[in-house]
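Here is the structure we will look at, set down as C-alpha cells.
Every number in this text was worked out from the coordinates using simple rules, so none of it is lab data. Just so we're clear, the structure is a prediction, and the values are computed from it rather than from any experiment. All Cβ positions, glycine included, derive from the backbone under ideal geometry; neighbour counts span all protein chains shown.
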Ligand SMILES: [Zn+2]
Ligand SMILES: [Zn+2]
C-alpha cells in the first residue's frame with residue numbers, strides 16, 4: 001500500500017469553470033479540461049488515476065470503460081471518480097459531487113434513460129464562454145436527456161459537429177471544448193431551423209434542480225417524495241377534497257405513488273412536481289407542506305382562477321352545466337367540483353341556475369353524511385373477502401402487514417381506515433375460530449363438558 005501511496009498521482013489543480021447555480025460545470029467537462037491542461041487524452045488521465053488511486057478493483061475498471069459522458073450519473077462509478085479526482089487535484093470532494101447527480105442517488109430510482117449517453121452542448125453558450133475570456137465548459141444541466149434546448153439562447157443542444165458530423169469521443173484528446181475534435185472548427189448553430197424549441201424542451205424545472213444541487217451539502221433524502229405524497233393524500237382525504245386531486249392525477253397513480261417502497265423515477269417526480277405545483281427540489285426533499293395544501297384545499301388552480309375572472313356566456317354555461325348533470329356520477333359531484341370543472345365560481349352557478357344548484361348541493365350533502373359509514377362497510381367487505389380467499393389467491397404468509405399491503409393494492413380507501421378494519425376482521429375471525437374449536441371439542445368428547453353432571 002505504501003508503494004501505491006508513493007505513486008499517487010498529483011495533478012495541477014485547475015479552478016472549476018462555474019461551481020454554483022444553473023450553469024454549474026459537469027464532472028466530465030472538468031476531467032476533459034484537466035486532461036487538456038496536462039496535454040494527455042482524457043482516457044489516459046482516467047487510466048492513470050485509477051492506477052494511482054485504486055478505490056476498489058471492479059469500480060476502477062468500470063471507471064475506465066464507462067463513457068465519459070456517463071460520469072454525472074448517480075452511481076458508484078461516478079462516486080469513485082469524484083474521489084480519485086479529489087485526491088489527485090486536492091479539490092474538495094463536495095465541490096466535485098455537486099458537478100454530478102450523486103445527490104439524487106437515494107431519492108430517485110435508477111433511470112438510465114434520464115441521462116444523456118453523449119456529451120451535449122449549446123454552441124452559443126460555448127462561444128459566450130470564449131468571448132468572455134473564460135474556458136469553454138459543459139454544463140451539468142446538459143447531461144439530462146430531458147433538457148433538449150438552451151434556455152438562454154433558445155437553441156437545441158448538439159451532440160455532433162455541425163460542420164463535419166463528428167461525434168466527440170470523451171476519452172480522446174481535446175484541444176478546446178468549443179471546437180470540434182476532428183475538423184477543429186468552432187461549434188455553431190447551423191440548423192437554420194424555423195421551428196423554435198418548446199418551453200418543455202428547456203427543462204426549466206431541471207435547471208432549478210441543478211441550481212439546488214449546486215448549493216447542497218448532502219443527498220436528497222430517501223423516500224422524500226413518498227413521504228410528501230402521503231402527507232398530501234391524508235390531508236386531502238381529511239378535507240374530503242380528493243376529487244380535485246383525481247382531476248390532477250388519476251386515483252391509481254396516486255395510490256401507486258403513495259404506497260410504493262421503491263424510489264420514484266425522475267420523470268415521475270417531474271410529473272408530480274408540475275401537478276402539485278411544488279418545485280422539484282422541495283418535492284425531493286419531502287417538503288410539500290403548505291404550498292400544496294393551499295393549492296388543493298383553498299384556491300382553485302391558477303389557470304382556472306384566471307378563467308373564472310372572465311365574463312361567462314350564460315347560454316354556453318347552461319349547456320355545459322346540463323351536460324355534466326346529465327352524466328351519472330358515482331360518487332355525486334359537489335357544486336364546488338362542478339364549478340371548478342366549468343371554470344366558474346360556485347356563486348355564478350347558484351345565481352344563474354338556483355334550482356339545479358340546490359339539487360346538486362342536496363345530493364352531495366346526502367352523500368357526504370352517509371359517507372363514513374359507507375366507507376367503513378366497504379372496507380369491512382373488502383377485508384372479509386380478502387381474508388376468506390387469502391390461501392387461494394396469495395402465496396405470502398398471512399400477517400397484518402402483508403394483509404394491509406394486498407388490501408391497499410385492491411382498494412382506494414385510506415390506509416388508517418383499512419388498518420382499523422383489519423384489526424376488526426382478524427378479531428372477528430379468531431373469535432369465530434375459538435367457537436368452532438369449542439364446538440369441535442364438544443362433538444369429539446360429548447362427555448367432557450358434562451362430566452360434573454354425569
Ligand atoms: Zn446557450
Ligand atoms: Zn467537425
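Would you calculate the volume per residue, in Å³, of the smallest convex hull containing every Cα atom of the chain?
Dividing the Cα hull volume of the chain by its residue count gives 242 Å³.
For residue 20 and residue 376, the FRET efficiency from 1/(1 + (r/R0)^6), where r spans their Cβ atoms and R0 equals 41 Å, is about 0.15.
Length available on full extension from residue 388 to residue 56: 0.36 nm per residue minus the Cα-Cα distance, which gives 114.3 nm. Each of residue 240 and residue 410 was given a label point 7 Å from its Cα along the Cα-to-Cβ line. The distance between the two points is 2.8 nm.
A full extension of the chain between residue 318 and residue 44 corresponds to an added length of 91.3 nm, given 0.36 nm per residue minus the alpha carbon distance.
Hey, what number do you get for the chain at 222 nm if only DSSP H runs of n ≥ 4 count, each worth -39500 (n - 2.57), divided across all residues, to the nearest 500?
On the way: 22 runs with 249 residues, N = 454.
The helix-only estimate for the chain comes to -16500 deg cm²/dmol at 222 nm.
Between residue 368 and residue 152, full extension at 0.36 nm per residue minus the direct alpha carbon distance yields a gain of 72.7 nm.
Between residue 160 and residue 249, the C-beta separation translates, for a Förster distance of 41 Å, into a calculated FRET efficiency of about 0.60.
Compared with the dominant Cα axis of the chain, that is its longest principal axis, helix 400-410 is turned about 90°. When only Cα pairs below 8 angstrom with a gap of at least 6 residues are kept, segment 64-211 shows a relative contact order of 22 percent.
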